[in-house]
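See structure below.
What follows is calculated from the coordinates using simple rules that are stated; it is not laboratory data. Keep in mind that this is a model prediction, so the values were computed, not measured. Ideal geometry is used to build each Cβ from the backbone, glycine not excepted, and the neighbour counts take in all protein chains shown.
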Amino acid sequence: MRVLIVGGGIVGLSTAWALVRAGHEPLLLEQGPLPHEGAASYDQHRLIRLPYAEELGYCAMVVDALKAWERLWDDLGETHYAEVGSLALSTAENDWADRSRLTLDRLGLDYQTLDAKDLEARCPFLQLPPGAWGLFNETGGLLFAARIVEALVRYLRHRGVTLREDCRVVSVDPAAGSLALEDGGRESAEAIIVTAGAWTAKLFPELARRAVPHRQVLAYMEAPEAHAEAWAAAPALVDLASDLGLYAAPPVGGTELKFAAEAHRRPGDPDKLDPLSDSEAVELAARFRPLLRDFDDYKVLRGQVCPYALAPDNRFVTERNGNVTVIGGCSGHMFKFGALLGEGLAMTATGERSYEDFRLWAEGRRESLPET
Ligand SMILES: Cc1cc2nc3c(=O)[nH]c(=O)nc-3n(C[C@H](O)[C@H](O)[C@H](O)COP(=O)(O)OP(=O)(O)OC[C@H]3O[C@@H](n4cnc5c(N)ncnc54)[C@H](O)[C@@H]3O)c2cc1C
């Protein structure tokens, strides 16, 4: 079956992978180059973690997502994942880490709770808030995002899949099952899948309130010599008991230490994102001051601006109209599900899975562990 895919980020590329391995004929259209460094999927790392606060559905989906990545590594013949585990800090009953713990309990998933002494042993660079305990999961860690995207592009080309670069889709016509290109061309197919990330609402203005494009800032850092070894052995820090949504990726597998804060984002047109100001990365890094020993010895290497589309309820936004399936929305946490969503989208577009089932699952509403 011939299937058109709009957008070559992790979700579009993974969908092409899933389609081609199932014997279908995907054609991927990307407005930029491939890989597209201006897309949300292109960065050194993205975190994959089991703790998901009260979101039982997404927590369960992570178990499946890890298996989907394994299937991708098998096909690529290379692994782009470091299972360093994840750590969240809790300082109050019912905070993010505490709610995550309850969800892990409900699903029967393993974790360890770390007291101050355990935390000191595992992350000696942390300066703990009073009363803090840690929620540690051995499963989870870092996906090397840019390497995955690059490997997928190579794999798909090798498999003979057409990946058309600099090819902007300007409209999609579900009634006709076709789409129009900026260069005046048209394409049609039995199914169309739109994975346009932060650009989704440009093609579907009716989704503008459900998939709001944002500008997110992050900072690449150098740890002081005294803490470098500990950081290199650290888990992914997924929540640091802060209402700023602080998280950090340790420098493993040839990558750099990265700090991010959910608070450092604002709405923005993905085609016209304000460039990084001189102070932004420094201000973001400073959010970590209360949590890190010797903070003044950390060096900000550089900041980075990335686009993504946020949904008000943090759930993925899906739409189906005729033979067109769209996924976008809460792209603040979609990378970890890339391979899994690709498989789900491929099956939905080709009729092997009902759209309604896909929608509920992608919205994180299936609240049980996948069958093994
Ligand atoms: C700073 C930051 C940190 C993050 N951390 C995590 C994390 O730790 N864990 C996690 O799971 N997720 C994380 N995410 C989210 C994750 O990166 C995104 O959800 C994911 O990469 C989205 O993938 P995508 O394929 O939907 O979109 P994108 O990667 O943005 O790809 C969309 C592609 O579609 C193309 N396109 C758009 N419109 C058109 C058109 N009209 N015609 C042709 N092509 C088009 C674009 O050019 C782009 O290449 C983070 C995101 C950011 C920005």
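A Gaussian network model of the chain, with springs between Cα atoms under 10 Å, assigns the largest mean-square fluctuation among 253, 185, 342 to 185.
3J(HN,Hα) along region 81-98: 8, 10, 7, 8, x, 9, 9, 10, 9, 10, 10, 8, 4, 6, 7, 4, 5, 5 Hz, from the Karplus curve 6.51 cos²θ - 1.76 cosθ + 1.60 with θ = phi - 60°, whole Hz, x for Gly and Pro.
Remark on residue 194: its backbone amide H falls under 5 Å from those of 6, 325, 326, 327, a criterion applied only to residues 5 or more positions apart or on other chains, H modelled at 1.01 Å from N. When you work out D = kT/(6 pi eta Rh) for region 139-277 at 20 °C and 1.002 mPa s, using the Kirkwood radius from C-alpha pairs as Rh and the Stokes-Einstein form, the result is 114 µm²/s. All other residues whose Cβ lies under 13 angstrom from that of residue 216 are scored, Lys and Arg at +1 and Asp and Glu at -1, for a net of +1. Taking every alpha-carbon pair under 8 Å whose residues sit at least 6 apart, the chain reaches a relative contact order of 25 percent. Working from Cα pairs under 8 Å separated by at least six residues, relative contact order for region 280-372 is 21 percent. Toward the positive end of the charge dipole of the chain, about the Cα centre and with charges on Cβ (Lys, Arg +1; Asp, Glu -1), which of 292, 191, 238 goes farthest? The residue sitting farthest along the positive end of the dipole is 191. The 3J(HN,Hα) values that the Karplus relation (6.51, -1.76, 1.60; θ = phi - 60°) gives for region 112-129 are, in residue order, 10, 9, 10, 8, 4, 5, 4, 5, 4, 5, 7, 9, x, 7, 7, 10, 7, x Hz. Gly and Pro appear as x. What the Cβ-Cβ distance of residue 25 and residue 79 gives, at R0 = 41 Å and to the nearest 0.05, is a FRET efficiency of 0.90.
What is region 19-128's relative contact order, in percent, from Cα pairs under 8 angstrom and six or more apart in sequence? Please report the intermediate quantities before stating the final value.
Details: 55 pairs, mean separation 27.2, N = 110.
With pairs under 8 Å counted, the relative contact order is 25 percent.
Computed about its Cα centre, the charge dipole of region 55-139 is approximately 180 debye, with only Lys, Arg, Asp and Glu carrying charge at their Cβ. Extension gain, residue 283 to residue 182: 0.36 nm times the residue separation minus the Cα-Cα distance gives 32.4 nm. When the inverse distances between all different Cα atoms of region 245-288 are averaged and flipped, the Kirkwood radius reads 12.1 angstrom. Under the simplified labelling scheme, the residue 295-residue 314 pair shows an inter-label distance of 2.4 nm, with each label point 7 Å from Cα along Cα→Cβ. Note on the chain: helix-only mean residue ellipticity at 222 nm, from DSSP H runs of 4+ residues weighted -39500 (n - 2.57) and normalised by residue number, equals -8500 deg cm²/dmol. Mean-square fluctuations from a GNM of the chain, with a 10 angstrom spring cutoff on Cα atoms, peak among 265, 106, 164 at 106. Estimated at 0.36 nm per residue, the fully extended path between residue 272 and residue 37 surpasses their Cα-Cα distance by 83.1 nm. Directionally averaged projected area (the chain, Cα convex hull): 17.5 nm². Rounded to the nearest 20 debye, the dipole magnitude of region 206-343 is 460 debye, with +1 charges on Lys and Arg beta carbons, -1 on Asp and Glu beta carbons, and the Cα centre as origin. Ranking 224, 212, 130 by Cα position along the charge dipole of region 112-233, where only Lys, Arg, Asp and Glu carry charges on their C-beta atoms, puts 212 farthest toward the positive end.
What percent antiparallel are the DSSP beta bridges of the chain, to the nearest 5?
In the chain, DSSP labels about 75 percent of beta bridges as antiparallel.
Considering only 345, 310, 244, the Gaussian network model of the chain with Cα springs below 10 Å gives its largest mean-square fluctuation to 244.
Each 5 Å bin from zero holds the following percent of Cα-Cα pairs in region 253-329: 3, 11, 18, 17, 16, 13, 10, 6, 4, 2, 1, 0.
Electrostatic tally near residue 94: other residues with Cβ closer than 12 Å to its Cβ, Lys and Arg +1, Asp and Glu -1, net -2.
Fewest-first ordering of 221, 347 by other beta carbons within 10 Å of each residue's beta carbon gives 347, 221. Electrostatic tally near residue 264: other residues with Cβ closer than 11 Å to its Cβ, Lys and Arg +1, Asp and Glu -1, net +1.
In a reduced charge model with +1 at each Lys and Arg Cβ and -1 at each Asp and Glu Cβ, region 11-95 shows a dipole moment near 160 debye about its Cα centre.
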